[in-house]
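The values are calculated or read from the model by the stated rules, or taken from the named source; none is laboratory data. Being a predicted model, the structure only gives us computed values, none of them experimental. Because the Cβ atoms are built from the backbone with ideal geometry, glycine has one as well, and the counts that use them run over all protein chains shown. Quick note on the areas: whole protein, heavy atoms, side chains included, nothing else; ligands and nucleic acids left out. Shrake-Rupley method; radii C 1.70, N 1.55, O 1.52, S 1.80 Å.
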Amino acid sequence: MSTYRSNDGKSFFEVEKTDFCDANGSKTFGFRFRVESRGFAGYLSDVWFYNEDLSKFISNIADLTSGKAKAAKLRAMSDFTLAVIPTDSIGHFSAKFSLANATDENSADLTVRIETHLLDEFATELKSVLVHVNT
């Protein structure tokens, strides 16, 4: 499990790859996310992404940190969306996690402010998951 913490220490997110499936040539990855922001917290296990969606998100993060894109978004098969946008021109980003349960009875939008190096580390972690499975 990896933890990515904001500079002010008041928010963070944790991510852990929990599973992998290669059914009929369509690779999918299971993750667990925990997000805490200024006293509010959310947790989702069994968050599944398609290989192609993770690859596109990683590419979009590179474009975002280099100034070529204005946002990067990652949607799970259900219950989870991560949207990353710059908050200034010096390398600060806002990562908004939208978490919901399967029945939408409970949901939360939590924001973690992160810097370029943490965003790059997160993208590198996701890339290592893909490289490990795709080799």
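Residues of the range 18-46 that are farther than 14 Å from LEU130 by Cβ, open to solvent by less than 60 Å² (accessible area, probe 1.4 Å) and in contact with a Leu (Cβ under 9 Å, 6 or more places away or on another chain): PHE33, VAL35, GLU36, SER37, GLY42, LEU44.
Return the pair list, or none, for Cβ contacts closer than 6 Å from residues in the range 53-76 that are farther than 23 Å from SER26 by Cα and part of a loop (DSSP other than H, G, I, E, B) to residues that are open to solvent by 50 Å² or more (accessible area, probe 1.4 Å) and not aliphatic (A, V, I, L, M), at least 6 apart or on different chains. What qualifies is ALA69/ASP63.
Just one of the numbered conditions (1) in a strand (DSSP E or B); (2) farther than 20 Å from ALA108 by Cβ; (3) among the β-branched types (Val, Ile, Thr) is not true of ILE90: (1). When ILE61 is tested against the conditions (1) over 15 Å from CYS21 (Cα atoms); (2) open to solvent by 50 Å² or more (accessible area, probe 1.4 Å), the lone failure is (2). Put simply, of GLU52, GLU121, GLU125, GLU115 the only residue that is surrounded by fewer than 18 Cβ atoms within 10 Å (Cβ to Cβ), more than 27 Å from GLY9 (Cβ to Cβ), in contact with a strand residue (DSSP E or B) (Cβ under 9 Å, 6 or more places away or on another chain) and acidic (Asp, Glu) is GLU52.
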